[in-house]
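Written out below as structure tokens is the structure these notes cover.
The values are calculated or read from the model by the stated rules, or taken from the named source; none is laboratory data. The shown structure was predicted, so the numbers you read here are calculated from the model rather than taken from an experiment. Cβ: placed from backbone, ideal geometry, glycine included. Neighbour counts: every protein chain shown. Just so you know, the surface numbers come from the protein's heavy atoms only, side chains and all, with ligands and any DNA or RNA stripped out. Shrake-Rupley method; radii C 1.70, N 1.55, O 1.52, S 1.80 Å.
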Amino acid sequence: MKLSRKLLILLNVIFLTGCFDSVEINNRSVILEFAIDKNDKNDKKEKPYEITYSIPDMAKLSGTESLALDMKTNIPIQAKTIVDSLDILETKTRNTITFSHVKVIFLGEDLLKDDKLFKQTLDSMTRGRQFARNIPILAVNGRTEEAISIKNTQQPIIGLYIMNYFNNKERPLAYFEPQLLGNFIRDMQDTGVALMPIFKLPKSEDFVQSKEPTEIEKSNNEINLKASTENEQMEVGNTSFEISGAALLKNYTFVEYLDKNVVRGKLLIDGHARDVPVITNYKDSPITYVLEHTVSSIDFKTINGNFCTVINIAAKGEIAEYTDNNIFNQTAFKEIKLLIADEIYRQTKITLDKAKELNIDFLKIGDKMFRKEPNLWKDYKDTWEQNGFEEMPIYVNINVDINNTGILM
């Protein structure tokens, strides 16, 4: 019994003892936002990277008093490699650097257009296991230092804003699709084609007057016009940005920015669209159908002697707006369903036409053929990227289900 008690005491000592070699949170610099650009400064040949590390003040972030002036500090570093940038970063901070809480990775446009440097970037981030594979990645249509410096009035830490933005399962999925670091690398390895959403920076021309001022306006505003325009750009530009569309990459090479309408059609084809408004006209009045979700499948059939792809889309939703509540008889109901199906088809055709124009299978039709019809894929795999996908006939079948018309009976 005495021996048992002594063992219990020893076990309590072991379990109740803190970690002697741990680092307190106050002694850690937690990186929440990680932005990578291709260096455009004078020493860009020796140091091809320009990486911005965003370090929040944990005291301010938690709402307690702090001597820091700002909520976060952005530290830009020019370096030869990403590991080299970490070594330089250590000399600029008093704390231990940790990447265990990175919320977003921004990748600059110039970096994406340099396939060799971009591939090196992905290799570096995944080789050391410092970055989790479930970190969202976004392409920036410009310099990432601008994206990371945006003063967002809703959330001062842009990384936390992105985390909440992507994790919100109630958010409609209509014009962009989240992309994670691990999924991007998997897509690139499996098919050589991958997308990432665009973090669109506000452009100065978006906030300049759209019309030429009159002579009277010129004389009245000659002194203050420039200052007022700059103030307007500063105020709007610091808070205005958009996440939509996608950057298309093939074999680690930037191809093109796809606009939000192309991405919307892709979401419909993939069956990922959610809470999407579909607007059409019936008897000269607009009618809004909210597509709550879609279910899609891809089949491969022979039609009229030609082998083709058939995309089946089942759309479920409800009528959200219409001015005339007296037209929902049996005949009108069928006509409205056909109009909605036509509009959904029009949106998917935008995407299919773009894929054919680029001759890039970012819809992963070839991958689905490989998985569903491996014997047929043998006939197409050698020519798929040359002309197989481009010449493949694609048909779209759409079935619209209206769960609720919104009419009070």
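In this simple spin-label approximation, residue 183 and residue 257 carry label points 7 Å from Cα along the Cα→Cβ vector, and these lie 2.2 nm apart. Using a probe of 1.4 angstrom and keeping all protein chains present, the accessible surface of the range 261-409 works out to 54 square angstrom per residue. Averaging 1/r over every pair of different alpha carbons in the range 315-409 and inverting the result gives a Kirkwood radius of 16.2 Å.
Here the range 369-409 is treated as a Stokes sphere of Kirkwood radius computed over C-alpha pairs; at 20 °C and 1.002 mPa s its diffusion coefficient rounds to 157 µm²/s. Most simply put, the range 275-403 has about 70% antiparallel DSSP beta bridges, counting only bridges with both residues inside it. Here the accessible area is traced with a 1.4 Å probe on the protein chains. For the range 267-351, carbon and sulfur cover 47 percent of it. For residue 364, the lysines whose Cα comes closer than 23 Å to its Cα, not counting residues fewer than 8 places off in the same chain, are 113, 119, 250, 260, 266, 301, 349, 354, 356, 372, 378, 381.
Given axes a ≥ b ≥ c from the Cα gyration tensor, I'd like to know whether the range 245-307 is rounded (a/c under 1.5), prolate (a/b larger than b/c) or oblate. Judged from the Cα gyration tensor, the range 245-307 comes out oblate (a/c at least 1.5, b/c at or above a/b).
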